[in-house]
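S.K.: Sending over a structure as structure tokens; questions will come in a sec.
Please treat every number below as a calculation from the coordinates, not as lab data. Just so it is clear, the structure is predicted and the values come from calculations on it, not from any experiment.
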Amino acid sequence: MSIDVAISADRNVIKKQAENILKYEYITIEIQWILNVKVKVMPVITGATGTITRRYRLYLNNIAGKYEIKELQKPAILRTAHKLQKVLM
């Protein structure tokens, strides 16, 4: 399993998710062929203000452990607020 975590602009969340799946397609095929294992790409993309895609929950459910969406959204929102504060002051 390959997990890619990214924070994107809210309007680009779906686009970024598709980009990450395509970006890792070749390496996924190579790993499957060389190691003879099943590999799945899990793009966990959060928008700058906490926006998520419809498939976000599906990807999180496939990752071992228990994660709450709000716990994963919080760092993105706090970082965005920090950057805005620096710009506006």
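S.K.: Which residue, LYS74, LYS66, LYS15, tops the fluctuation ranking in a GNM of the chain built on C-alpha contacts under 10 Å?
M.R.: LYS66
S.K.: With the chain treated as a Gaussian network of Cα nodes joined by springs under 10 Å, which of ILE77, ILE31, ILE45 yields the largest mean-square fluctuation?
M.R.: With Cα springs under 10 Å in the chain, the top fluctuation among ILE77, ILE31, ILE45 is at ILE31.
S.K.: Compute the angle between helix 69-88 and the longest alpha-carbon principal axis of the chain, please, reported from 0 to 90 degrees and rounded to the nearest 10.
M.R.: The angle comes out near 50 degrees.
S.K.: Helix 25-35: angle to the longest alpha-carbon principal axis of the chain, degrees 0 to 90, nearest 10?
M.R.: That helix lies at roughly 40 degrees to the long axis.
S.K.: List every residue whose amide H lies under 5 Å from the amide H of VAL41, counting only residues 5 or more places away in sequence or on a different chain, with H placed 1.01 Å from N in the peptide plane.
M.R.: Correct list: SER2.
S.K.: Moving to a separate point now. Per residue of the chain, what 222 nm ellipticity follows from adding -39500 (n - 2.57) for every DSSP H run with n ≥ 4, rounded to the nearest 500?
M.R.: Calculated from helices alone, the mean residue ellipticity at 222 nm is -17000 deg cm²/dmol.
S.K.: Where a ≥ b ≥ c are the square roots of the eigenvalues of the C-alpha gyration tensor, would you call region 2-88 rounded, which needs a/c under 1.5, or, failing that, prolate if a/b is larger than b/c, or oblate?
M.R.: Verdict is prolate for region 2-88.
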